[in-house]
Amino acid sequence: MREFQVTDRTLFKGTSAVVVKHQRKATDAKALKDAYAVVNARDENRDRVTGKPLKASSADPAVRREHHHIQSRGAYPERIADPANIILVSVLTHSLIEGGLIVVEGIDASLPNRLRFMWRVDPPVPANLRVVRIQSRRRTEAA
């Protein structure tokens, strides 16, 4: 009796869904890591809102670096790993953006002066909550 050996499992059932999912996740993670490297170099490890220098690992939320997606990852999954959609901000600034106190105007971070940052206008942000100084604001907005 001849022994039958299977050398190519894809011949019978195709690639396992678990393997495909794992490969896709690994590819997506690498693309995001590469995009973050481009953003770190482009923004020179400085907060795009305040202009302050940032560090990857710091206990101080005003100094620790985070990446902010201008167009949200959930609403625009095709732009998750697009460096033009990502900016560097501190943890403190990121929480103000996510909390709606700082408004990001524009959708392309790839070139300087394509984005503007301003304090929320309606309702206005009280002076005691303006804990950072915005470096790049609209010309019509006062300090």
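Nothing in this text is a laboratory measurement; each read-out follows from the coordinates by a stated rule. From a predicted model like this one, the values you see are computed outputs, not experimental measurements. Reconstructed Cβ throughout: ideal geometry from the backbone, glycine too, with neighbour counts over all protein chains shown.
At full extension, residue 78 and residue 26 could sit 17.1 nm farther apart than now, given 0.36 nm per residue minus the alpha carbon distance. In the stretch 14-129 the Cα-Cα distances spread across 5 Å bins starting at 0 as 2, 11, 18, 21, 18, 12, 7, 5, 3, 2, 1, 0, 0 percent of all pairs. Projecting each Cα onto the charge dipole of the stretch 14-129 (Lys/Arg +1, Asp/Glu -1 at the beta carbon, about the Cα centre), which of 88, 57, 104 comes out farthest on the positive side? Of the listed residues, the answer is 57.
What dipole magnitude, in Debye to the nearest 20, does the chain give about its Cα centre under +1 on Lys/Arg Cβ and -1 on Asp/Glu Cβ?
On the way: 25 positive and 16 negative charges, 21 e Å.
Taking the Cα centre of the chain as origin, the dipole is about 100 debye.
As a proxy for reagent exposure, 19, 49 were ordered by neighbouring Cβ count within 10 angstrom, fewest first; the result is 19, 49.
For the stretch 14-129, what's the relative contact order in percent, using C-alpha pairs closer than 8 Å and at least 6 residues apart?
Details: 147 pairs, mean separation 23.3, N = 116.
RCO, the stretch 14-129: 20 percent.
Sorting 27, 50 from the fewest to the most surrounding beta carbons within 10 angstrom yields 27, 50. Once the chain from residue 45 to residue 129 is taken as fully extended at 0.36 nm per residue, the excess over their C-alpha distance is 27.7 nm. As a proxy for reagent exposure, ranking 46, 120 by other Cβ atoms within 10 Å from fewest up yields 120, 46. Peptide packing: for 77-89, 51-63, 98-110, the average count of neighbouring Cβ atoms within 10 Å per residue gives the ranking 77-89, 98-110, 51-63, highest mean first. Karplus-derived 3J(HN,Hα) values for the stretch 75-87, using 6.51 cos²θ - 1.76 cosθ + 1.60 with θ = phi - 60°, are 7, 10, x, 6, 9, 4, 9, 8, x, 6, 9, 10, 10 Hz; glycine and proline are entered as x. Compared with the dominant Cα axis of the chain, that is its longest principal axis, helix 17-42 is turned about 30°.
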